[in-house]
Amino acid sequence: MTTTEMIDNYPGFPQGITGSDLSSAMEEQAKRFGMEEVNQEITELKLGGVNHLVRTPGADYFCDALIICTGAEYRKLVSRENPNSEGREFLTVRPATGPFSMTARLSL
């Protein structure tokens with residue numbers, strides 16, 4: 001989301017908002033409610049029950065809710081029959097940006 005220049009279809013922002021600004025606002029709000037940000041490799045994850053377990057090399061964390069941020073990377077759709085077709089009537093898929101990001105036809 002932070003790499004998205006403009007998000008035009010997020011509720012509450014009739015003029016749109018940049019991905020960076022929306023991400024910062026969400027993080028600020030979550031911290032206000034006690035979110036702890038941990039940037040470590042996860043070695044084990046157990047979901048379910050009363051609390052979720054997140055195990056890292058440095059510590060074990062227990063939480064009621066878990067947000068996993070895996071990053072964003074554009075995925076280019078290319079025809080198997082014509083691998084040189086990139087950019088010709090194909091979409092670049094942007095994760096979690098909604099239907100308004102589709103500006104080209106998809107041909108497979």
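Structural remarks
- Derived scalar couplings ³J(HN,Hα) [the range 30-43; Karplus, 6.51 cos²θ - 1.76 cosθ + 1.60; whole Hz; x for Gly, Pro]: 5, 5, 4, 9, x, 5, 10, 8, 10, 10, 9, 6, 8, 9
- Counting Lys and Arg as +1 and Asp and Glu as -1 over every other residue whose Cβ lies under 15 Å from the Cβ of G34, the net charge comes to -3.
- Surrounding net charge for R55, when Lys and Arg each add one and Asp and Glu each subtract one, Cβ distance under 12 Å: -2
- Positive minus negative residues near S20 (Lys, Arg vs Asp, Glu; Cβ under 12 Å): -3
- Compared with the alpha-carbon gap, the fully stretched path from L45 to S24 is longer by 4.9 nm at 0.36 nm per residue.
Each value in this text was obtained by applying a stated rule to the coordinates, not by laboratory testing. This structure is a prediction, so every number in the text was calculated from the model and none was measured. Backbone-built Cβ (ideal geometry, glycine too); neighbour counts: all protein chains shown.
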